[in-house]
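The structure appears right after this line, and notes come after that.
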Amino acid sequence: MVVRAGREFLAIPGPTTVPDEVLRAMHRPAVDIYGGPLLALTDSLLADLSRLFRTAGRSYIYIANGHGAWEAALTNVLSRGDRILVLESGRFAVGWGDAAARMGVEVEALPGDWRRAVRPGELEARLRRDGAGAIKAILAVQVDTASGVANDIAALGRAVKAAGHPALLMVDAVASLGCVPFEMDEWGVDVALSGSQKGLMTPPGLGFVAAGPRARAAHERANLRTPYWDWTAREGEAHYQKYAGTPPEHLLFGLRQALDMLLEETLEGVFRRHALLAEAVRRAVAVWAQAGALAFNVASPGERSDTVTTVLMTDGRDPKPLLDYCNEKCGVVVGSGIGALSGKAIRIAHMGHVNAPMILGTLAVIELGLQALGIPHGKGGVEAAIDWLADRVPA
């Protein structure tokens, strides 16, 4: 017996659910890549991306995923042999550092923990020991989708400033942009990047990079620059130079619709929606964890992200039967653990095109799976989520 007929719920941390409005915007004929309408579309997208990043700097659009955006950021500001500092808080800053190492950059990790955020004091102390300024850049993620950690980028920016260190602060906002506040200029971020497939509700295939003035200065002397990623080449007068060739027309049509939807809701409304739904998830998980077989991966409540919650199976149980039950029996696709948490955790995404019924439905199916499979859990997780939302979304 199954009860999965109907629309499948996608509750993984990327790619996220693409709104019907975005799909419809993409379902149209191709247009002249040299014509005025497409040029105007590009201009509007670049302006609104800088608005999302909250920067007066320039933004760039790449036909790439987040890994491509990593490479675009690195090649434009670094040279072979440069030293960078990677701030570990899960899988993705380390992965970004691994990409840099393969490009000829010397990589040092500031050791962290998959269960906690980066400590700004540790960053400041390490930078103070680098009196010669050998470290050229610092890599961090705002949200790590493997661990579920949310790093305080504003505090990291203050740590760099307090140390008086000239290193560039570079931030991966793939799992946070368009979901939670990001203040590139105010926080002292020099390079920021993101992708289309999470909070921006567009199919995978677009990567975005924003660069501030210190990054632009570093770009002038960087020798890792290559033709495809190069910022200078993409600033040419010809429209095709902004994409190093043919523009990804239909992804751009979709992105325009997605950004329009976010701006119509208002960014403050978007951030509030994500915060409310994330806490609803956490309220449910807290109840389930009372029986001892489940636990939050991120130990401190204040360091848990508003876009994804990683839940450990603490009794050594394989999470696959639960994931399979949710998907095959009920039509809800919940994220599996990755990296060091592969086979040890589930990940519940609450980012992008999500609302109360989608989140409550996902939580209800997980609780159903826990009960059907006999996994010890506290009863009433979904009720706790409902109570939370009912108190904060008044009639």
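Using per-residue counts of other Cβ atoms within 10 Å, averaged over each peptide, order 245-251, 87-93 from highest down.
With the highest mean Cβ count within 10 Å placed first, the list reads 87-93, 245-251.
In degrees between 0 and 90, to the nearest 10, how far off the longest principal axis of the chain does helix 92-102 point, with axes built from Cα atoms?
40
Check the straight Cα-Cα distances from Lys198 and name the lysines below 29 Å, setting aside those fewer than 8 residues away within the same chain.
Lys242, Lys320, Lys329, Lys344
How far is helix 249-265 tilted off the main Cα axis of the chain, in degrees rounded to 10, range 0 to 90?
70
In percent, what relative contact order does region 158-224 have, based on Cα pairs under 8 Å that are 6 or more apart in sequence?
27
I need the shape label for region 284-369. Rule: rounded when a/c is under 1.5, else prolate if a/b > b/c, else oblate, with a, b, c from the alpha carbon gyration tensor.
Rounded, because the longest to shortest axis ratio a/c is under 1.5.
Compute the signed sum of charges (Lys and Arg +1, Asp and Glu -1) over the other residues within less than 13 Å, Cβ to Cβ, of Ala295. Spell out each step's value before the answer.
Working: positive: Arg115, Arg282, Arg304, Arg317, Lys344; negative: Asp315.
Value of the local net charge: +4.
R0 = 51 Å: FRET efficiency of Arg28 with Ala291, Cβ-based, nearest 0.05?
Values: r = 51 Å, r/R0 = 1.01.
With a Förster radius of 51 Å, E is 0.50.
Using a 1.4 Å probe over the heavy atoms of the protein chains, calculate the carbon and sulfur portion of the accessible area of the chain as a whole percent.
Details: 8630 of 15920 Å².
C and S fraction of accessible area: 54 percent.
Under a straight-distance cross-link criterion of Cα-Cα below 16 Å, which lysines are reachable from Lys161, leaving out those fewer than 8 residues away in the same chain?
In chain and number order, the partners are Lys136.
How would region 82-208 be classified by its alpha-carbon gyration tensor: rounded, prolate or oblate, with rounded meaning a/c under 1.5 and the a/b versus b/c comparison settling the rest?
Details: a/c = 1.66, a/b = 1.47, b/c = 1.13.
Prolate, because a/c is 1.5 or more and a/b exceeds b/c.
Give me the one-decimal nm value for the distance between modelled label points at Ser79 and Leu263, 7 Å along each residue's Cα-to-Cβ direction.
Placing both labels 7 Å along Cα→Cβ, they lie 4.0 nm apart.
Find the relative contact order for region 95-227 and round it to a whole percent, using C-alpha pairs within less than 8 Å whose residues are 6+ positions apart.
The value is 18 percent.
Can you tell me the relative contact order of the chain? Whole percent, Cα pairs under 8 Å, sequence separation 6 or more.
Result for the chain is 23 percent.
Local charge sum around Gly195 (other residues, Cβ-Cβ under 13 Å, Lys/Arg +1, Asp/Glu -1)?
Working: positive: Lys198; negative: Glu71, Asp172.
Its environment carries a net charge of -1.
Taking 25 °C and 0.890 mPa s as the conditions, I'd like the Stokes-Einstein D for the chain in µm²/s, using the Kirkwood hydrodynamic radius from alpha carbon pairs.
Answer, rounded: 113 µm²/s.
Assuming R0 = 41 Å, what is the FRET efficiency of Glu183 and Val2, from their Cβ-Cβ distance, to the nearest 0.05? Provide the component values of the computation, followed by the final result.
On the way: r = 46 Å, r/R0 = 1.12.
The calculated FRET efficiency here is 0.35.
Assuming a ≥ b ≥ c are the square roots of the Cα gyration tensor eigenvalues, decide whether region 135-213 counts as rounded (a/c under 1.5), prolate (otherwise, with a/b larger than b/c) or oblate.
prolate
If you line up the long axis of helix 356-372 against the longest principal axis of the chain, both from Cα atoms, how many degrees apart are they, to the nearest 10?
Helix 356-372 sits at roughly 50 degrees to that axis.
Roll a 1.4 Å probe over the protein chains and send me the accessible area per residue for region 88-196 in Å².
That works out to 34 Å² per residue.
The values are calculated or read from the model by the stated rules, or taken from the named source; none is laboratory data. Since the model is a prediction, treat every value here as computed from it, not as a measurement. All Cβ positions, glycine included, derive from the backbone under ideal geometry; neighbour counts span all protein chains shown. Each accessible area value is taken on the protein alone, full model and side chains, heavy atoms only, with ligands, DNA and RNA left out. Shrake-Rupley method; radii C 1.70, N 1.55, O 1.52, S 1.80 Å.
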